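Below is one structure, written out as structure tokens; comments come after it.
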Amino acid sequence: MSVPANSVAFMSTSPADAQSTPVDGVNVLGSLSPSRASDFTSCPLLYRFRTIDRLPEPPSEAAARGTVVHKVLEDLFDLPAPDRTPRQARSMVEQAWEDVRSLDPSLATLFTSEADGAEEGWLDSCRQVLRRYFDLEDPRRLEPAEREHYVEALLDSKLLLRGFIDRVDVAADGRIRVVDYKSGRVPSEAYEAKALFQLKFYALVIWRTRGVVPAMLQLIYLGSGDILRYVPDEADLLATERKAEAIWRAIRLAQETGEWLPNPGKLCDWCAHKSLCPSFGGTPPPLPAIPGPVSAGDDVDLD
């Protein structure tokens with residue numbers, strides 16, 4: 001469902017755009033992914049920096065680890081079931097790192113010297129995270145229906161929801177389980193609802209496209225070895241739809257007014273754009289011209 005010509009699409013070369021399908025004769029308001037929705041609700045200025053200004057961010061070991069771990073877990077299911085072992089996953093880390101680096105040249109700067117052993121230590125941390133996965137699931141007993149699955153749905157409001165699901169499992173009786181891997185630790189109760197919003201977002205898209213409410217949403221936290229499960233219902237998904245539309249209206253209001261307000265908090269110390277934030281004495285760059293609706297449909301949350 002691609003955004004038509006009369007809707008301006010930032011991030012037009014995103015993976016989501018490459019897989020989007022045409023929507024003929026529909027004036028799509030714009031597109032939204034759970035990652036970009038999370039950016040805006042966390043800090044509207046961060047959303048602006050990432051989606052409108054498209055400011056580069058230096059690579060981080062944590063983000064790269066998440067990408068490599070996701071890559072191994074995706075590729076693991078290409079193997080025959082008996083071969084999906086901890087030893088096999090461990091052996092796949094270096095190739096996954098090669099593949100990830102080939103797609104993102106900026107990662108070449110992550111480890112500048114082989115002499116200090118930092119890269120090998122980091123690769124070991126990837127292996128440790130993967131080993132924890134096998135304490136939580138036995139991949140030899142699973143046959144996912146989809147992996148790194150692109151989904152999209154056009155709401156009645158003409159807002160396009162889209163993103164990539166780590167894994168979709170479909171039982172013999174048709175029940176659907178939506179699975180997301182996190183290489184970090186399970187969040188506190190205060191942040192649990194925020195973590196679940198991503199999977200409710202995906203469940204909403206599946207419901208709107210397949211007519212089936214997923215039976216289970218599952219977050220696998222490899223950093224701490226925890227699984228968070230949630231059983232959604234139609235009321236949950238309708239509330240998620242209203243929330244997504246409310247976020248989009250707030251994004252459009254910020255676009256119209258030019259007021260992308262910062263929201264300082266605990267995560268600011270990890271923000272790549274802290275030096276540009278007014279809350280810390282910085283000055284954002286001038287806003288680029290925005291002739292139409294913003295499209296923010298790339299979902300790149302691999303933490």
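Worth a mention:
- When 150, 47, 221 are sorted by how many other C-beta atoms sit within 10 angstrom of their C-beta, beginning with the fewest, the order is 150, 221, 47.
- Placing +1 on the Cβ of every Lys and Arg and -1 on the Cβ of every Asp and Glu, with no other charges, gives segment 61-141 a dipole of roughly 400 debye about its Cα centre.
- Cβ-Cβ distance of residue 145 and residue 287, R₀ of 45 Å, FRET efficiency by 1/(1 + (r/R0)^6): the value works out to about 0.55.
- Here the dipole of segment 45-103 is about 220 debye; that uses its Cα centre as origin and unit charges on the Cβ of Lys and Arg (positive) and Asp and Glu (negative).
- Calculated P(r) tail over 15 Å for segment 97-155, as whole % of Cα pairs: 71 percent
- Sorted largest first, extent of segment 61-141 alpha carbons per principal axis (Å): 40, 23, 18
- Sequence of 160, 79 once ranked by neighbouring C-beta atoms within 10 Å, starting from the fewest: 79, 160
- Using a Gaussian network model of the chain in which every pair of alpha carbons under 10 angstrom is joined by a spring, one finds that among 172, 118, 37 the greatest mean-square fluctuation is at 172.
- Averaging the Cα positions of each part gives two centres, and for segment 200-271 and segment 49-97 these lie 23 Å apart.
- Here the contact order of the chain, divided by its residue count and restricted to Cα pairs under 8 Å and six or more residues apart, works out to 29 percent.
- Distance violations [Cα-Cα > 27 Å] among 158/266; 71/194; 71/243; 71/274; 182/274: 158/266; 71/243; 71/274
- As a proxy for reagent exposure, 240, 85 were ordered by neighbouring Cβ count within 10 angstrom, fewest first; the result is 85, 240.
- Counting only Cβ charges, +1 for Lys and Arg and -1 for Asp and Glu, the dipole size of the chain around its Cα centre is about 620 debye.
- Positive dipole terminus of the chain, leading residue within 287, 227, 172 (C-beta point charges): 287
- Quarter of Cα convex hull surface for segment 142-206, i.e. mean projection, nm²: 5.8 nm²
- Given the alternatives [x] 56, 43, 38; [y] 55, 53, 37; [z] 54, 48, 37, Cα extents along the principal axes in Å as computed for this entry is given by [y].
- Helix-derived mean residue ellipticity, 222 nm - over the chain, DSSP H n ≥ 4, -39500 (n - 2.57), to 500: -12000 deg cm²/dmol
Each value in this text was obtained by applying a stated rule to the coordinates, not by laboratory testing. These figures come from a predicted structure and were not determined experimentally. Using ideal geometry, Cβ is built from the backbone for each residue, glycine included, and neighbour counts are taken over all protein chains shown.
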